[in-house]
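Engineer: Take a look at this one; I'll ask things after.
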Amino acid sequence: MKINKSVKGTLLLLLISIIWGSTFTAQDIAAQHIGPFTFNFARYIVGAAVLLPVALISSGTARRRQPQQNKTSKKTLILGIIVSGAALFAPAAFQQAGIAYTTSGKAGFITAMYIVFVPLFGLFLKKKAGLPVWVGVLLSCAGLWLLCMKGDLTIGRGELLVLCGAVFWAIQILVIDHFAVKMDCFVLACGECFVCGLLSGVMMLVLETPSFADMMKCVWPILYSGVMSCGVAFGLQPLGQRNAPPATAALVMSLESVFAAISGFVFLNERMELKEYIGCVLMFAAVIVVQLPELRKKPEAVCSGEK
């Protein structure tokens, strides 16, 4: 049985959410030893290094298939890498800085609010969001509240930083959605990680005092975040978003909060309350609801023109 491209894209994005969910622990550990720009510089440079061989192979294959690459496509390549890298730098910086000043529950809830911002911002780009998407947004918000919120919701320094990050995560998703159909996905992912790492390195030298000894204290969180969260997840993100609407992509990737809770349960022996289990169920229900229109469609033929 053939599966249409939208469902395939959603499955890739689901894998990404699993990786990102398990990365929250690594970010929290790193925040205890090094500054946000130092951590992001290290993780994204590692991610770019992991993606570089794949990007070179992928772009080389594309050139053999399309040897006559015009100037417009080269300009699009450069523009896509710079814009996507800058779009990644902002939310990554805000999120990592905020994690040091707030609880993981509040950070998880506020960060995942990008699922609301994506369809709202998409309206300005003439991207329609049907009723299933809005129902999914409501279910997901309710699920995130039950899953992540502990105590009262107050806006402090950390919460405000993470909220700013959530706004920019929504912008980053829309930027990737725009460029993923115009250029090689692995080149885009490698380029955006390198640009983000470069920008983080500049800010690290200006605002922080990086220490090699401190970086070695969190070498494993850096490597995991760089290889898996940046190298693998960001490599798959453009590929997944190529075939999934941006609002749907945001909802699926918001499941990182669920998988963060599951990861804590499995590896740290953390137990969830009944309301948190209900929150997980509501979030999975949101993803199913938003995918119902796509699941009813007939399987699409394989597109021979895509890389």
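The values are calculated or read from the model by the stated rules, or taken from the named source; none is laboratory data. Only a predicted model underlies this, so the values are computations on that prediction, with no experimental measurement involved. All Cβ positions, even for glycine, are placed from backbone atoms using ideal geometry, and neighbour counts span all protein chains on display.
Engineer: Restricting to region 196-222, name every residue that is among the hydroxyl-bearing types (Ser, Thr, Tyr) and over 18 Å from GLN95 (Cα atoms).
Structural biologist: THR209, SER211
Engineer: Which of the residues spanning region 174-191 are of a type outside the set (Gly, Ala, Ser), over 16 Å from SER73 (Cα atoms) and in contact with a Phe, Trp or Tyr (Cβ under 7 Å, 6 or more places away or on another chain)?
Structural biologist: LEU174
Engineer: Now for a separate question. Condition first: hydrophobic (A, V, I, L, M, F, W, C) and modelled with pLDDT under 80. Now tell me which residues in region 260-284 satisfy that.
Structural biologist: Answer for region 260-284, where residues must be hydrophobic (A, V, I, L, M, F, W, C) and modelled with pLDDT under 80: ALA260, ALA261, ILE262, PHE265, VAL266, PHE267, LEU268, MET272, CYS280, MET283, PHE284.
The rows are residues; the columns are (1) in contact with a Gly (Cβ under 9 Å, 6 or more places away or on another chain); (2) hydroxyl-bearing (Ser, Thr, Tyr); (3) part of a helix (DSSP H, G or I).
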{"site": "PHE194", "(1), (2), (3)": "yes, no, yes"}
{"site": "VAL202", "(1), (2), (3)": "no, no, yes"}
{"site": "MET215", "(1), (2), (3)": "no, no, yes"}
{"site": "TRP220", "(1), (2), (3)": "no, no, yes"}
{"site": "TYR224", "(1), (2), (3)": "no, yes, yes"}
{"site": "VAL227", "(1), (2), (3)": "yes, no, yes"}
{"site": "CYS230", "(1), (2), (3)": "yes, no, yes"}
{"site": "PHE234", "(1), (2), (3)": "yes, no, yes"}
{"site": "LEU239", "(1), (2), (3)": "yes, no, yes"}
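Engineer: Mind checking which residues of region 198-207 are surrounded by 21 or more Cβ atoms within 10 Å (Cβ to Cβ) and under 23 Å from LYS75 (Cβ atoms)?
Structural biologist: LEU199, the sole residue that qualifies.
Engineer: Which of (1) more than 18 Å from SER211 (Cα to Cα); (2) buried (at least 23 other Cβ atoms within 10 Å of the Cβ) is the odd one out, the single condition ASN40 does not satisfy?
Structural biologist: Of everything listed in (1) more than 18 Å from SER211 (Cα to Cα); (2) buried (at least 23 other Cβ atoms within 10 Å of the Cβ), ASN40 misses just condition (1).
Engineer: If you don't mind, there's one more thing I want to ask. Pick from region 91-127 the residues that are outside any helix (DSSP H, G or I) and of a type outside the set (Ser, Thr, Tyr): which of them is surrounded by the fewest Cβ atoms within 10 Å (Cβ to Cβ)?
Structural biologist: LYS126
Engineer: Quick test for you: out of PHE109, PHE121, PHE89, pick the one residue that is in contact with a Cys (Cβ under 6 Å, 6 or more places away or on another chain) and modelled with pLDDT of 75 or more.
Structural biologist: PHE89
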